[in-house]
Amino acid sequence: MRRGTNVHALGGFNQTVVLDTIRRTRDGLSRVEIAQQTGLSAQTVSNVSRRLLDSGIIVEGGQQIKGVGKPRTILQLDPTGCFAIGVHIDPAVITYVMLDLDGRVVARSSTRTPSDVRPERVIDEMSESVENLIVSSAVERERILGVGIAAPGPVDLDRGVVLDPPLLEGWHVVALRNALAEATGLLVLLEKDVTAAAVAELWTSKAHERDDFMFFYYGTGVGVGLALGHEVVRGATKNSGDAGHIIVDPGGAVCSCGRRGCLGDAIMPKRLVELALERGVLAPTEREAPDVDGALVELAERAAAGDEGAARIFQNLAECVAVAVVTIANLLDLDRVVFGGPYWAPVSRLVMARLPDLINSSPALVTTHPVAIAESTAGDDVAAVGAACLVLDNVLSPRPSALLISG
């Protein structure tokens, strides 16, 4: 439970405490209940509530009769009071979403990542797409709290810089956060994509159903978002989750790191398509590079129809994923894994049914109870949704550390 303070100078913190308390109670709360849950005085709650009502972030939602005395007025979050935009940069596609205060997607768009991935061009297109999303949604611009960006790592979050993502050629020390903030005039936050995916699950989950979990992210690359104690794990340099070099097949192909059988090299979508072409499961294309999206879907359809060669590729995918999940579950004592990402949908039906047994029957698993398996409720857009949730969390969630005076 988050507790407030009655010191006048800390009114801004108290406002986020009250708002967060209301937000987490779907049916709303009376002022008396808010005071009881936060430890704030009745007068402080009344003053804060008035400001929130005037701003349009909360509304009065009827009355409640409890015992003797006059009915209590219920305060509820107005989901349309403010909005946040999330952007996910994947080497294949850039996704844009707009969320209301309930975390619901109210507008969405996507564009192919330019084949000429010069940062300047991508940033210009991102700015234009953000503006188009605002216009098409008919949301007043002053209600936009900001833009969150989920980008491939490594990143420097303190400076808002994308450092040198291996799958975005030409991106080296790109000051993405400041560039997009200058182009849009909005608050901009930057986060690593796999961490943003974990944030989406935390923000949209109920109560404490997902306090401790790993998010297995399957996009153009592979990574893991982590949450412990209902907080995302970022690490010393805020780049945790790079699981691509976990060895899952010691006899596998040589990875770019020089070792054999690394997770990322073994299961990334491009590699699955290459294997299918090498083994004759898919017919070669006349183009120099195959359409990974279309080829992966075709490969999945062939496996579902009984093609043994295609089925073996997805069986190997499931086995490699299970090895990685067991390794991480043992290391961090995790009992839940959530799967999602831009390329998860095509492979889901072929691997999800196999994963519980592969993981929980593994002789290497040492956790004391089974690992639960689930899929992201945010679907393909989970990283973009998480990026927008970061903005909501930054603006709406109380942070005691913000009360410290720096000098």
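Tabulated data
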item	result
Rg in Å to one decimal, and Dmax rounded to a whole Å, for the stretch 207-377 via C-alpha atoms	16.3, 52
Acute angle (nearest 10 degrees) that the helix 292-304 long axis makes with the longest principal axis of the chain, alpha-carbon atoms	80
Average Cα contact separation per residue, the chain, under 8 Å, 6 or more apart, as relative contact order %	16
Relative contact order (%) - criterion: Cα under 8 Å, at least six apart; region: the stretch 8-78	34
Exposure proxy ranking, count of Cβ atoms within 10 Å, fewest first, for LEU167, LEU228	LEU228, LEU167
Longest exposed-site-free window of the chain, the sites being trypsin sites (Lys or Arg not before Pro) in a DSSP loop that have at most 10 other C-beta atoms within 10 Å	67-205
Net charge dipole size for the stretch 8-78 [Lys, Arg +1 and Asp, Glu -1 on Cβ; Debye, nearest 20]	160
THR368 versus SER348: modelled label distance in nm, points set 7 Å from Cα along the beta carbon direction	3.3
Folded to 0 to 90 degrees: helix 11-23 orientation relative to the chain principal axis, Cα	70
Likely footprinting exposure, GLU33, GLU120, fewest C-beta neighbours within 10 Å first	GLU120, GLU33
Percentage relative contact order, the stretch 207-377, counting C-alpha pairs under 8 Å, at least six apart	23
Computed E for ASP212/ARG108 - FRET, C-beta separation, R0 41 angstrom, nearest 0.05	0.85
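Values quoted throughout were computed directly from the atomic coordinates according to the rules given, and no laboratory measurement underlies them. On a predicted model such as this, the values are computed, not experimentally measured, just so you know. All Cβ positions, glycine included, derive from the backbone under ideal geometry; neighbour counts span all protein chains shown.
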